[in-house]
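Enquirer: One structure follows; several queries about it will come next.
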Amino acid sequence: MKNTENLNKIVLFSKPTGKTSFSSLWTIKHAFNTTKVGHTGTLDSFASGLLVVCVGSLTRLAGKITEFDKSYQAVIEFGSETDTLECTGQVVRTALLPSKDAFVKAFESFRGELDHVPPAFSAIHVDGKRASDLVRSGKKAEIPARKINVYQSNICDMLLDDEGFVKAALVEFTVSKGTYIRSLARDIGLACNSAAHLMALRRTRVGNFELKDACGFDLLEPFTIQNAIANKKFLLENPIDQNHKETALENDSVQEKSLQEQVRNNSIEMNKIIASHCGFGILTLKEKFKDSFYNGQKLHSNMFDSSPFEVENDFAAVFLENGFFAGLLHKDQNGYFKYAFVQH
């Protein structure tokens with residue numbers, strides 16, 4: 001493995017349906033010949049879409065980017081609810097299909113601030129253990145409701161049966177951190193006196209990062225109800241092995257090599273524009289204070305081009321005068337910036 005201390009990149013990557021978020025990092029790890037890679041928020045195996053991946057020392061930023069609002073496309077299937085609230089789970093409840101009017105009325109009620117109960121099959125910890133692990137072991141996982149916000153939502157398409165009832169709907173959401181689209185599907189189903197789960201899901205935006213700019217975006221098929229039906233059939237016939245470790249032999253293809261090249265060529269250096277996209281304030285360190293900063297000496301306002309007290313953000317990215325990313329500061333409870341980390 002090469003030394004990755006100075007390999008500081010952000011990669012926008014398109015995860016395909018049928019792969020775990022972890023296995024999707026294989027391409028990026030091998031593109032840069034490093035294991036120092038971290039995504040900023042997982043996608044379920046049945047889902048596709050944008051992963052924002054940090055490489056090298058920037059893995060320390062991964063937890064900050066998970067705070068962003070996100071946008072999704074989803075296909076909701078009506079008539080049944082599954083234990084996982086998505087298409088590969090076991091059916092636990094069935095109900096009649098909703099009318100078009102009932103669905104539209106229910107859907108439009110799920111906007112603004114909502115009480116939101118995450119799925120039992122999730123990575124949320126309950127009493128020190130993952131909720132999904134508790135459920136698989138036969139125990140109950142009581143997950144408390146949380147406040148979330150659905151900022152925008154739209155109905156893009158509907159699949160109706162011969163009598164005009166809604167079999168499936170393609171919808172879009174823009175939501176706050178901590179929102180599970182699987183739970184929204186469940187709750188919308190209940191609200192229109194039916195049952196529902198997600199047939200398909202695609203993440204299209206994380207903060208200011210967009211799927212259309214991601215490596216491998218051209219390999220994703222169009223997100224439609226018909227493609228969702230075909231993908232569901234494929235996933236049910238070819239269950240995903242969550243523990244499967246991919247090998248170089250399996251991925252030694254022209255397409256994989258081309259994708260790795262795309263990752264190398266389109267990775268993003270941390271700069272002031274990206275730092276702003278990440279929601280950080282911007283400070284420029286004066287040259288004469290470079291050594292003081294790198295040695296972790298006490299911070300004071302005249303080290304920077306502007307006063308840190310003018311920065312309203314909780315985090316501030318620090319750049320040298322030549323534009324090199326030098327590190328991240330965080331604001332303490334008294335409003336003073338402290339070192340989060342220094343990037344040499």
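The values are calculated or read from the model by the stated rules, or taken from the named source; none is laboratory data. Treat the numbers as computed from the prediction; the structure is a model and nothing was measured. Neighbour counts run over all protein chains shown; Cβ positions are idealised from the backbone, glycine included. Accessible surface is based on the protein model in full, side chains and every heavy atom, while ligands, DNA and RNA are left aside. Shrake-Rupley method; radii C 1.70, N 1.55, O 1.52, S 1.80 Å.
Enquirer: Go through (1) touching a Leu at 6+ places or on another chain (Cβ under 6 Å); (2) in a strand (DSSP E or B) one by one and return the number of the condition R186 breaks.
Expert: For R186, the exception is condition (2).
Enquirer: Looking at this structure, is T179 in a loop (DSSP other than H, G, I, E, B), buried (at least 18 other Cβ atoms within 10 Å of the Cβ), within 24 Å of the chain's Cα centre (by Cα) and not aliphatic (A, V, I, L, M)?
Expert: Details: in a loop (DSSP other than H, G, I, E, B): yes; buried (at least 18 other Cβ atoms within 10 Å of the Cβ): yes; within 24 Å of the chain's Cα centre (by Cα): yes; not aliphatic (A, V, I, L, M): yes.
Yes.
Enquirer: In addition: Against the condition outside any helix (DSSP H, G or I) and open to solvent by 10 Å² or more (accessible area, probe 1.4 Å), how does D162 come out, does it pass?
Expert: Working: outside any helix (DSSP H, G or I): yes; open to solvent by 10 Å² or more (accessible area, probe 1.4 Å): yes.
Taking the combined requirement at face value, the residue satisfies it.
Enquirer: If you don't mind, another one. Select from the stretch 268-295 the residues that are open to solvent by 30 Å² or more (accessible area, probe 1.4 Å) and within 29 Å of G207 (Cβ to Cβ) and list them in ascending order.
Expert: I268, E269, N271, K272, I273, S276, H277, G279, I282, Y294
Enquirer: How many residues does the stretch 74-83 hold that are open to solvent by 20 Å² or more (accessible area, probe 1.4 Å) and under 20 Å from the mean Cα position of the chain (by Cα)?
Expert: Total meeting the criteria: 0.
Enquirer: Now for a different question. Go through the stretch 176-195 and give me each residue that's among the basic types (K, R) and either closer than 16 Å to Y151 by Cβ or out of contact with any strand residue (DSSP E or B) (no Cβ under 8 Å at 6 or more places or on another chain) (or both).
Expert: The answer is K177, and nothing else.
Enquirer: Among the candidates S71, S48, S57, single out the residue that is closer than 26 Å to D314 by Cβ, of a type outside the set (A, V, I, L, M) and open to solvent by less than 10 Å² (accessible area, probe 1.4 Å).
Expert: The unique qualifying residue is S57.
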